[in-house]
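Following: one structure in structure tokens, then a few remarks.
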Amino acid sequence: MSMNNQEIGEEIDRLENESNQIKDSVINICWWMRGGISHYEAWNLTEKERGMINRLIKNNIETMKKTKMPMF
């Protein structure tokens with residue numbers, strides 16, 4: 001099945017968006033882990049592992065908001 005130019009452009013946009021989401025996830029993990037994981041190590045995480053860590057980060061942020069603990 002061949003794709004026309006519009007479909008190719010849409011696929012490129014979709015892949016670029018997916019790539020940017022992965023980059024954001026890796027950077028987010030590195031920042032919140034405060035040196036607990038290196039940039040290289042974060043890139044080697046699986047999608048499932050990144051999701052698990054990002055859920056943990058989200059839960060910790062929510063806990064900090066509820067308990068009014070300082071967020072650094």
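Surface exposure of the chain, expressed per residue as accessible area with a 1.4 Å probe, stands at 84 Å². Taking every alpha-carbon pair under 8 Å whose residues sit at least 6 apart, the chain reaches a relative contact order of 22 percent. Using a probe of 1.4 Å, the accessible surface attributed to E10 totals some 100 Å² when neighbouring protein chains are kept in position.
Given a 1.4 Å probe and the protein chains as shown, L15 ends up with an accessible area of around 90 Å². Estimated translational diffusion coefficient (Stokes-Einstein, Kirkwood radius over Cα pairs, 10 °C, 1.306 mPa s) of the chain: 111 µm² per second.
A cut-off of 5 Å between modelled amide H atoms, ignoring neighbours fewer than 5 places along the same chain, links I37 with no other residue. Between the Cα long axis of helix 5-33 and the first principal axis of the chain there is an angle of about 20°, rounded to the nearest 10. Roughly how many percent of the accessible protein surface of the chain is carbon and sulfur, given a 1.4 Å probe and a whole-percent answer? Accessible surface attributable to carbon and sulfur in the chain totals 57 percent.
The values are calculated or read from the model by the stated rules, or taken from the named source; none is laboratory data. Just so we're clear, the structure is a prediction, and the values are computed from it rather than from any experiment. Calculation scope for accessible area: heavy atoms of the full protein, side chains included, ligands and nucleic acids excluded. Shrake-Rupley method; radii C 1.70, N 1.55, O 1.52, S 1.80 Å.
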